[in-house]
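Student: Handing you a structure now.
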Amino acid sequence: MSATPIVLGARPDPVRETGRSETPRAAVPQRLGALGDPIRDTHGRVHRDLRISLTDRCSLRCTYCMPEQGNEWLARSSILTLDEIERVARVAAADGITTFRLTGGEPLLRPDIVEVVRRLARITGPDGTPVELAMTTNGIRLPDFLPGLVEAGLRRLNISIDTLRRDRFADLTRRDRLADVLEGIAAAADSGLRPLKLNAVAMRGVNDDELVDLVAFAVAHDAQLRFIEQMPLDAGHTWDRSTMVTREEILAALSARWALTPVPGRGGAPAERWTLDDGPHTVGVIASVTAPFCGNCDRLRLTADGQLRNCLFSTTEYDLVPILRGADPSDEAIDAMLRSCIHGKLPGHAINDPSFLQPERGMNAIGG
Ligand code: SF4
């Protein structure tokens, strides 16, 4: 499978700096491996997980993500086609990146979503094993799409829900759609897709009085609730550490209701997990700010407009469009860009560092 080693530096430079630069490009060694070789960054992390944002549009307007009027949407012509997405995914899979997570904005707003799942589910890794296909969604369109998505090859689902209260949901998302989300979660629970995960951003003075209720709700749907510490990714750049509910505070609130026992073997997974009482249900916490887990990060991202990002907080993007829409869109060229992107990865997000710069791109255009 391995072709001749890739030599970088010969190609036009589609790397866009948007702030604190990563590994100075001049220092990027000329030889980073060949198509089919695992992709390792300079901190020894082998990458296996590609998050694919299918659109920047969403049916909700969550206050910690985007303004009421929405963001300036990406031009439709800039959105990658299914053929282009599949091309990148095939090369990534050949390099051992065999977990794909479909995100947005809201991925179910993409008209060809079932076909996207079908085409990606057919891709296999270096050992011939089919890739693992997961999706993060707000759940609103799930009842309509789920049977087709499961038949097409979707295997895992994460659904976002920050509150069980209708009024609070409407305030948080600027849409009165809680009933639709609950219907989506019920459909997912009935679908048999497991593990089923529910994601909730914990916010002080907003939903921190619902932490126990949210976990109990998840248990009732045979799902795992994962709390996310609020991160500086909002379009308005108004994130304030004091409004974030920390890992410690979340665990303290839950310990009043359940005995929590750490689940070993986290690996590169974002969530730390605890069993509730004697199990089998668990709860997770994604503590990016107070307990970063970058040391085992194996993720990179493809934005809906064809930019590679080696970190959620990356301020540098690697533009695949000139390759995908250029004269000779070769697999080797895509592979080289994947390697260059991962080679430039920093050891971590630096949120707790005075030099931290919030990415320009809003969460809806990066993807979960
Ligand atoms: S912040 Fe960046 S490096 Fe850290 S875990 Fe997330 S994506 Fe990986």
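Student: Small (Gly, Ala, Ser) and either within 13 Å of the ligand (Cβ to nearest atom) or in a helix (DSSP H, G or I) (or both): does that describe Gly284? If you could, list the steps in order and put the result at the bottom.
Tutor: Values: small (Gly, Ala, Ser): yes; either within 13 Å of the ligand (Cβ to nearest atom) or in a helix (DSSP H, G or I) (or both): no.
No: the conditions fail for Gly284.
Student: Only residues that are open to solvent by 50 Å² or more (accessible area, probe 1.4 Å) and assigned to a loop (DSSP other than H, G, I, E, B): list them for region 65-111, please. Spell out how you get there, then give the answer.
Tutor: The initial filter retains those residues of region 65-111 that are open to solvent by 50 Å² or more (accessible area, probe 1.4 Å), namely 68-69, 72-73, 75-77, 81, 83, 87, 90, 109, 111.
If the condition is that a residue be open to solvent by 50 Å² or more (accessible area, probe 1.4 Å) and assigned to a loop (DSSP other than H, G, I, E, B), then Glu68, Gln69, Glu72, Trp73, Ala75, Thr81, Pro111 are the ones that fit.
Student: Take the residues in region 249-263 that are over 13 Å from Asp213 (Cα atoms) and either in contact (Cβ under 8 Å) with a residue 12 or more places away in the chain or in contact with a Lys or Arg (Cβ under 9 Å, 6 or more places away or on another chain) (or both), then tell me which one is most open to solvent (accessible area, probe 1.4 Å).
Tutor: Among them, the one singled out is Pro262.
Student: Pick from region 295-312 the residues that are open to solvent by 10 Å² or more (accessible area, probe 1.4 Å) and within 13 Å of the ligand (Cβ to nearest atom): which of them is nearest to Met231 (Cα to Cα)?
Tutor: Result: Leu312.
Student: Right, next: Out of the residues in region 225-279 meeting the condition of being closer than 19 Å to Ile161 by Cβ and assigned to a loop (DSSP other than H, G, I, E, B), tell me which one is farthest from the chain's Cα centre (by Cα).
Tutor: In this case the residue turns out to be Arg257.
Student: Thr316 versus (1) within 18 Å of Glu84 (Cα to Cα); (2) more than 11 Å from the ligand (Cβ to nearest atom): which is the lone unmet condition?
Tutor: Going through (1) within 18 Å of Glu84 (Cα to Cα); (2) more than 11 Å from the ligand (Cβ to nearest atom) one by one, Thr316 breaks only (1).
Student: For region 112-140, give me each residue that is within 16 Å of Asn158 (Cα to Cα) and surrounded by fewer than 18 Cβ atoms within 10 Å (Cβ to Cβ).
Tutor: Correct list: Glu132 only.
Student: List the pairs whose first member sits in region 71-98 and is farther than 30 Å from His237 by Cβ, whose second member is open to solvent by less than 30 Å² (accessible area, probe 1.4 Å) and modelled with pLDDT under 95, and whose Cβ atoms are under 9 Å apart, counting only residues at least 6 apart or on separate chains?
Tutor: Asp95/Gly33
Student: Could you tell me whether region 113-129 includes any residue that is in a strand (DSSP E or B), more than 26 Å from Tyr64 (Cβ to Cβ) and at pLDDT 95 or above?
Tutor: Taking region 113-129 and keeping what is in a strand (DSSP E or B), we get 124.
From what is left, the residues that are more than 26 Å from Tyr64 (Cβ to Cβ) are 124.
Then keep just the ones that are at pLDDT 95 or above; that gives 124.
There is at least one residue in region 113-129 that is in a strand (DSSP E or B), more than 26 Å from Tyr64 (Cβ to Cβ) and at pLDDT 95 or above.
Student: Within region 225-238, track down each residue that is open to solvent by 10 Å² or more (accessible area, probe 1.4 Å) and within 21 Å of Asp209 (Cβ to Cβ).
Tutor: Of everything in region 225-238, those that are open to solvent by 10 Å² or more (accessible area, probe 1.4 Å) and within 21 Å of Asp209 (Cβ to Cβ) turn out to be Arg226, Ile228, Gln230.
Student: Got a sec? Which of Gly70, Gly125, Gly105 is closer than 23 Å to Gly184 by Cβ and out of contact with any Leu (no Cβ under 9 Å at 6 or more places or on another chain)?
Tutor: Details: Gly125 fails: closer than 23 Å to Gly184 by Cβ; Gly105 fails: out of contact with any Leu (no Cβ under 9 Å at 6 or more places or on another chain).
Within the list Gly70, Gly125, Gly105, the selection yields Gly70.
Student: Quick check on region 344-358: of everything there that is over 9 Å from Phe313 (Cβ atoms) and more than 9 Å from the ligand (Cβ to nearest atom), which residue is most open to solvent (accessible area, probe 1.4 Å)?
Tutor: In this case the residue turns out to be Pro354.
Student: Condition check: modelled with pLDDT under 95 and within 21 Å of Ala202 (Cα to Cα). Does Ile250 satisfy that? If you could, list the steps in order and put the result at the bottom.
Tutor: Values: modelled with pLDDT under 95: no; within 21 Å of Ala202 (Cα to Cα): yes.
Judged against the criteria, Ile250 is not a match.
Student: Residue check: is Leu324 buried (at least 17 other Cβ atoms within 10 Å of the Cβ), within 11 Å of the ligand (Cβ to nearest atom) and under 30 Å from Glu84 (Cα atoms)? Show your work before the answer.
Tutor: Working: buried (at least 17 other Cβ atoms within 10 Å of the Cβ): yes; within 11 Å of the ligand (Cβ to nearest atom): no; under 30 Å from Glu84 (Cα atoms): yes.
No.
Student: Which of the residues belonging to region 224-248 are more than 19 Å from Gly367 (Cβ to Cβ) and either of a type in the set (Asp, Glu) or without any contact (Cβ under 8 Å) to a residue 40 or more places away in the chain (or both)? Lay out the reasoning, then the answer.
Tutor: Kept after step one, since they are more than 19 Å from Gly367 (Cβ to Cβ), are these residues of region 224-248: 224-225, 227, 238, 240-248.
Correct list: Thr238, Asp240, Ser242, Glu248.
The values are calculated or read from the model by the stated rules, or taken from the named source; none is laboratory data. On a predicted model such as this, the values are computed, not experimentally measured, just so you know. Using ideal geometry, Cβ is built from the backbone for each residue, glycine included, and neighbour counts are taken over all protein chains shown. Just the protein is used for accessible areas: all its heavy atoms, side chains included, with ligands, DNA and RNA removed. Shrake-Rupley method; radii C 1.70, N 1.55, O 1.52, S 1.80 Å.
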